[in-house]
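Following: one structure in structure tokens, then a few remarks.
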Amino acid sequence: MIRDITLGQYYPGDSILHRLDPRIKILATLAYIILLFIVNEWIGFAACFVFLAVEVALSKVPLSYILRGLKVIFLVILFTFVLNLFMYDGEVLVRIWKLTITDQGLKRALFMAGRLILLIISSSILTFTTTPIQLTNGLERLMKPLSKIGVPSHEIAMMMSIALRFIPTLLDETDKIMKAQQARGADFESGNILHRAKQMIPILVPLFISAFRIAQDMALAMEARCYHGGQGRTSMTEMRFRTRDYITAVILLLFAAGIITLRVLI
Amino acid sequence: MSIEVRNITHIYNKGLPQESVALKDVSFTVEDGEFLGIIGHTGSGKSTLLQHLDGLLKPDEGQILIGDVDITAPKVSLLAVRRQIGLVFQYPEYQLFDETVAADVAFGPRNLGLEQEEIDERVRESLSMVGLDYDKIKDKSPFDFSGGQKRRIAMAGVLAMRPRVLILDEPTAGLDPRAHRDVLNMIRTYHKSQADSIIILVSHNMNDIAEYADKVLVMDKGQVRMHGTPKEVFARSAELREIGLDIPDLADLAEKLETRGLHVPKDAFTIPEMAQAIARQLRGGKTDPAAEGGEDA
Amino acid sequence: MDDIVRMEHVTFTYPATDVKESFNALNDLTLSIEKGSFVAIIGQNGSGKSTMAKLVNALLLPGEGTVWVNGYDTRDEAHLWDVRQSAGMVFQNPDNQIVSSIVEDDVAFGPENLGVEPAEIRRRVDEALEAVGMSAFKRNAPHLLSGGQKQRIAIAGAIAMRPQCIVFDEPTAMLDPRGRKEVMRIIRQLHEEGITCILITHFMEEAAQADRIVILNDGRIYMDGTPREIFTDRDSLMALGLNVPMAVDLSYHLHDLGIQLPAGIVEEEELIEALCPSK
């Protein structure tokens, strides 16, 4: 199950999406997510779905891989769906005891769950087709104007990059710690919520300590390699907008215009 | 109470593109009181095998019998397994968590459901077994100690469960020579103090395996490649090298001396033994390589 | 400068914490490392090896005394980056020194910090990966590699900064035998190419490959000499809790049993030759 967390993982490839400038991809993903929440009716939603489907196809990342990331938050999606199902007034479709499912409720539930799914998938496509370094470089460049008003854009980008890099390491560490405590008779499966929460201590304490130890080692290693913040730092990979980036920007703008128009008209 | 491993197979990521066979049709027996050494390059399936022996993983095929209990059966009580088997992972000091040394070492016994008095007794005993002063350190935080000491505290935590089968995965990893020897001596002491206990030691250090183990199991690509006494296994040096493993330094020396006409026994795995053997040969005159050397029982 | 590193009367004290008193990790240590040499520093845990390593690239500054690296005083803040660029460092834990999720990006980290121009960084990264034999893994994720491979990446990361000297702080302690061989092979190769290599280790077989061995004990230099000089002093090695090479140990035992052997045997080959002289 821990292996299923494909969130934040890069999927090596050479598709057109892999080759787009990270800044465009980040802005496009953000824009897409905002548009997802603007959309309010079926046509627009279908358009969003098609847009994402095209993205998935272009990325050349296997669908099974993408869908695996949804497994983890399946419960959240289900919860959202069910909650929305019973919350809205409208024409009653089904009556279960004291709760009613209305047509509005059904529509909202489908939309919310759908939004979540599309949101996760589009974010995943971003991280699958963009290396963490590209992501953080892209974010750093986008945030650069903010550094004029005191936002530590480089430091934030560096922190995110390192955090992403250590996700698999910390997951491995958690696995090892769990196994070691199980070997000493710890039981993480049975008991009530309170009992299980207490059982987390033998995992969380060593994990935190490991994290600190890693951080200390990492800091020394970075200093040994002359890291001293963003001042004077260069980058091996330069970022330049190319034709394909401009084309993507145009497509995105047209799409956004379409969605917003639909919202205003319908 | 012996251990019987019958035809176990374990496949990771079954059905997915990354499917890989970690263990393939692995079978062997470990007798009462035996000290078994397991060797194999990284990726040979050693770690997976250890986790199976402790019930942390279940095989896709095959069974494991500890005594008469089939620990691979669906409804087996894992706690019963843990009462018999202790597993010390690599770098065990990374699993320390409790507020005091005594509390951390007591974690295992407490999970076994023992009475407080029994728990205290065991904590005291196992800390002294690893060479630490119970009274001095019991209330200290386990994180206040050096790496070597932390490792000993972590090991005490497993020993306190008084396992009949003690499995150790590279217990000397990252230790300096002195601490390395201390840990091995500790393991030997435990073995002797618990009647009929079984020790299973996974190590990359062939010298240690040769010196301490009664039997050696060689793993290669998820399968058992060899199983025999150190003498038998390390005599097959060409095969071992082929699968990327070394032989003990003294075995290497014995081989080279052999080609020069000096016959020494193939089971002299400590310096004093080898020195005696060489001295005997030299005093008895050079032996003809075709004749039997003075191999003592 | 003939000496790439010079330490004069260096004392380093770790301050007291609530569980430990303050103690001197290094006591009046004076040591010079010649340019282009391969020096092994051995000693028990607590002998000061690691502290010494960190003084070379100014991760730590001496309490007393001075450390010069490539002509720069490590206390001189203005030249801190020169010091660290001159003396690269590879740490013990293969994982915790890798900054990035892509191999070539990690190797580029050092040069990027130095403000090297992008095309030059690309060149250095390719060369460094080539030097450690990891070019094929350029775009792989480091965490999926073996320990030995990770250390090779770390070494490439140090090489890419074009240092004169590299300090290896117990680089093989967490590796399996195969990984250890890989790393030692690269260290020997770097030495042949003229990079000064300072290897901190407690594996005798590794120290034996150096030109010179310095034994630290209690923060002081206990012995300083060639592998041959050091390894034949079995009594000292045992007193310090260090391992004695097999050939040396056997020679002593054989001597005690009355077998006459020439003095100064250190290597297995020499012992074999002494026992069974070739005709």
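The values are calculated or read from the model by the stated rules, or taken from the named source; none is laboratory data. Bear in mind that the values here come from a model prediction, so they are computed numbers and not experimental data. Note that each Cβ is placed from the backbone with ideal geometry, even for glycine, and that neighbours are counted across all protein chains shown.
Residue check, B:HIS227 against (1) within 14 Å of chain C (Cβ to nearest Cβ); (2) surrounded by fewer than 20 Cβ atoms within 10 Å (Cβ to Cβ); (3) modelled with pLDDT of 95 or more, all met but one. Which one? Only one criterion is unmet by B:HIS227, namely (1). Applying the condition of being of a type in the set (Phe, Trp, Tyr) and assigned to a loop (DSSP other than H, G, I, E, B) to region B:63-122 and asking which residue is surrounded by the most Cβ atoms within 10 Å (Cβ to Cβ) yields B:PHE89. Does region A:194-213 contain at least one residue that is farther than 30 Å from A:ILE16 by Cβ, at pLDDT below 95, touching a helix residue (DSSP H, G or I) at 6+ places or on another chain (Cβ under 6 Å) and more than 11 Å from chain B (Cβ to nearest Cβ)? So far as region A:194-213 goes, no, none of its residues is farther than 30 Å from A:ILE16 by Cβ, at pLDDT below 95, touching a helix residue (DSSP H, G or I) at 6+ places or on another chain (Cβ under 6 Å) and more than 11 Å from chain B (Cβ to nearest Cβ). For region A:151-191, filtering for residues that are within 11 Å of chain B (Cβ to nearest Cβ), β-branched (Val, Ile, Thr) and surrounded by fewer than 19 Cβ atoms within 10 Å (Cβ to Cβ) leaves 0. Criterion first (within 30 Å of B:ASP246 (Cα to Cα), among the aliphatic types (A, V, I, L, M) and surrounded by fewer than 22 Cβ atoms within 10 Å (Cβ to Cβ)) does C:LEU175 satisfy it? So C:LEU175 fails the test. Screening C:ALA40 against (1) closer than 21 Å to C:THR11 by Cβ; (2) in a strand (DSSP E or B); (3) aliphatic (A, V, I, L, M) leaves a single unmet condition, (1). Scanning region B:128-152 for residues that are of a type outside the set (Gly, Ala, Ser) and either within 14 Å of another protein chain (Cβ to nearest Cβ) or touching a His at 6+ places or on another chain (Cβ under 6 Å) (or both) returns B:LYS136, B:ILE137, B:ASP139, B:LYS140, B:PRO142, B:PHE143, B:ASP144, B:PHE145, B:GLN149, B:LYS150, B:ARG151, B:ARG152. Listed conditions (1) crowded, with 20+ Cβ neighbours inside 10 Å; (2) out of contact with any helix residue (DSSP H, G or I) (no Cβ under 8 Å at 6 or more places or on another chain); (3) facing another protein chain (nearest Cβ under 8 Å) are all met by C:GLN97, apart from (2).
Quick grid of which residues meet (1) buried (at least 17 other Cβ atoms within 10 Å of the Cβ); (2) within 12 Å of chain B (Cβ to nearest Cβ); (3) in contact with a helix residue (DSSP H, G or I) (Cβ under 9 Å, 6 or more places away or on another chain); (4) without any contact (Cβ under 8 Å) to a residue 60 or more places away in the chain:
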{"site": "C:ILE200", "(1), (2), (3), (4)": "yes, yes, yes, no"}
{"site": "C:ILE221", "(1), (2), (3), (4)": "yes, no, no, no"}
{"site": "C:GLY225", "(1), (2), (3), (4)": "no, no, no, yes"}
{"site": "C:MET246", "(1), (2), (3), (4)": "yes, yes, yes, yes"}
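C:SER101 meets the stated requirement of being in a loop (DSSP other than H, G, I, E, B) and either without any contact (Cβ under 8 Å) to a residue 40 or more places away in the chain or small (Gly, Ala, Ser) (or both). Scanning region B:151-178 for residues that are in a helix (DSSP H, G or I) and either surrounded by 20 or more Cβ atoms within 10 Å (Cβ to Cβ) or not assigned by TED's automatic domain parsing to the domain that holds B:GLY113 (or both) returns B:ARG151, B:ARG152, B:ILE153, B:ALA154, B:MET155, B:ALA156, B:GLY157, B:VAL158, B:LEU159, B:PRO177.
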